[in-house]
Every structure is written in structure tokens, then in C-alpha cells.
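One structure is given here, and the rest of the page talks about it.
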Amino acid sequence: MHALYVFSVWLHILAATVWIGGMLFLVLVIVPWLRRGGSSDAAVFLRETGERFRNVGWACFVILAITGTFNLWARGVRLSDFTRAEWLQSPFGKMVIVKLSAFLLVLLVSAAHDFVVGPRATRAIADDPSSPQARAERRRAALLGRFNVLLALLLVAAGVMLVRGTPW
Ligand code: HEM
């Protein structure tokens, strides 16, 4: 069982690095390059790379949810703990709640970005990249993307504190 637990933590951290690394590459490399006119067909480039990364991202979410649940189980957490005030008030219990709430928010923000605002932005950019609508949709998509980066940083911090305790 210990080998399975170690494998689960390894897979968990790998999925986290693929998702966060991919998001930061998009935000720090691809989007600024496109903004500087890097590609004559930014809309196609953004749509195709965005759709590919969307699939990778959701695959990571499935892996993170499964391995995360197993990691919690391997650490002795049971569903009944979520009804015990003593556990919910403990630093570990509070960190689990913070982590699960942040993960739920990531799923909601990603769904809005990947399936609503993102496709709307690439369509508007394809129609007329300089139109007010394209600019507004692009701003909304960028805002959601950046909010997800902040949530990702919170999730990694919560993961580290689940294992090593809180610094306060
Ligand atoms: C986007 C989502 C997530 C990210 C980026 C993430 C990131 C991480 C990272 C980086 C660690 C390693 C911390 C360390 O060893 O210092 C970790 C550990 C952990 N994560 Fe997550 N995680 C995510 C989602 C989840 C979810 C949904 C759960 C629970 C259902 C979860 C439960 C855990 C547990 C229990 C550990 C401790 C593993 C151990 O026992 O060493 N994580 N997480």
C-alpha cells in the first residue's frame, strides 16, 4: 500500500506541474508573443493551442482529484471527519477545506474560461481582432486565466502545508 501511496503523490505532483507549467507558459510566453504580432493568424493559433491545452488541463484535474482523494485517504482522512467540529477546527482539517474549496473554484473558473469566455474571445478575434468586442472578450479571458494562476499558487501552498504543517 505504501508503494501505491508514493506513486499517487508522484502522479499528483506531476499533474500539478503539467497544469501550472502549461498555464504559466500560455500567460507569460504565448499571449505576450501574440500581442506583439508574433503570428499573422493569432486567432487560429490561440484557438488551437488553447483547445489542446484545455484537454490536457481537464485530464490533469481528473488525475488531481483521484490522486488527491487517495492521498487524503492514505493520510487517514475519512468522510466522517467532515462532520466532526474538532477535525474541521484543526489546522490540517482547515487546510483540507481550503484546498478543496480552491479546487472547486478552479473547476468553475476553468469551465467558464475553457467552454464560454475563451471560445467567445477566439471567435471575436477571428471576426475582427481590433473590434471593441474582441478586446472586451480577450480581457475577460485573460482575467479568468490570471485568477486561475493565483488559485493554482494557493493550491500548491495548501498541498505543502498539508504535508509539513502551517508556518504560523
Ligand atoms: C489543481 C489542483 C491541485 C494542485 C495544483 C495540487 C498540488 C499539490 C502539491 C504540489 C502537493 C505536494 C505538496 C508536498 O509534497 O509538499 C500536493 C499534496 C497533496 N494534495 Fe494536492 N493539489 C491539487 C488538488 C488536490 C485535491 C483536489 C486534493 C484532494 C481531493 C488534494 C490533496 C492533496 C494531499 C492529501 C496532499 C498530500 C500528499 C502527501 O501525503 O504527501 N490535492 N498537492
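A few points about this structure:
- Rounded percent of accessible protein surface that carbon and sulfur make up, segment 2-164, 1.4 Å probe: 70 percent
- For segment 33-114, the pair-distance distribution built from all alpha carbon pairs, in bins 10 Å wide starting at 0, is 15, 33, 24, 15, 10, 3 percent.
- Per residue, the chain exposes 61 Å² of solvent-accessible protein surface, assessed with a 1.4 angstrom probe and all protein chains in place.
- Linear extension gain, residue 92 paired with residue 105, 0.36 nm per residue minus alpha-carbon span: 2.7 nm
- The residue list 85, 12, 117 was ranked by how far each Cα lies along the charge dipole of segment 12-151 toward its positive end, using unit charges on Cβ atoms, and 85 comes out on top.
- Under the convention that each Lys and Arg Cβ holds +1 and each Asp and Glu Cβ holds -1, the size of the dipole of segment 31-112 around its Cα centre is about 140 debye.
- Charging the Cβ of each Asp and Glu at -1 and of each Lys and Arg at +1, and nothing else, the dipole of the chain about its Cα centre rounds to 280 debye.
- Rounded tilt (10° steps) of 132-164 against the dominant C-alpha axis of the chain: 20 degrees
- Angle between the chain longest axis and helix 2-25 axis [Cα atoms, degrees, rounded to 10]: 20 degrees
- Applying both filters, DSSP loop and at most 11 other Cβ atoms within 10 Å, to the trypsin sites (Lys or Arg not before Pro) of segment 72-168 gives 78.
- Geometric descriptor of segment 2-164, per residue, is 113 Å³ (volume of the convex hull of the Cα atoms).
- Solvent accessible area, Å² - residue 166, 1.4 Å probe, full protein context: 40 Å²
- For the chain, the residue among 58, 163, 45 whose Cα projects farthest onto the positive side of the dipole built from Cβ charges is 163.
- Within segment 84-156, the proportion of C-alpha pairs whose separation exceeds 20 Å stands at 46%.
The values are calculated or read from the model by the stated rules, or taken from the named source; none is laboratory data. The structure presented is a predicted model; accordingly, all values stated were derived computationally and were not measured. Neighbour counts run over all protein chains shown; Cβ positions are idealised from the backbone, glycine included. These accessible areas exclude ligands, DNA and RNA; they are computed on the full protein's heavy atoms, side chains included. Shrake-Rupley method; radii C 1.70, N 1.55, O 1.52, S 1.80 Å.
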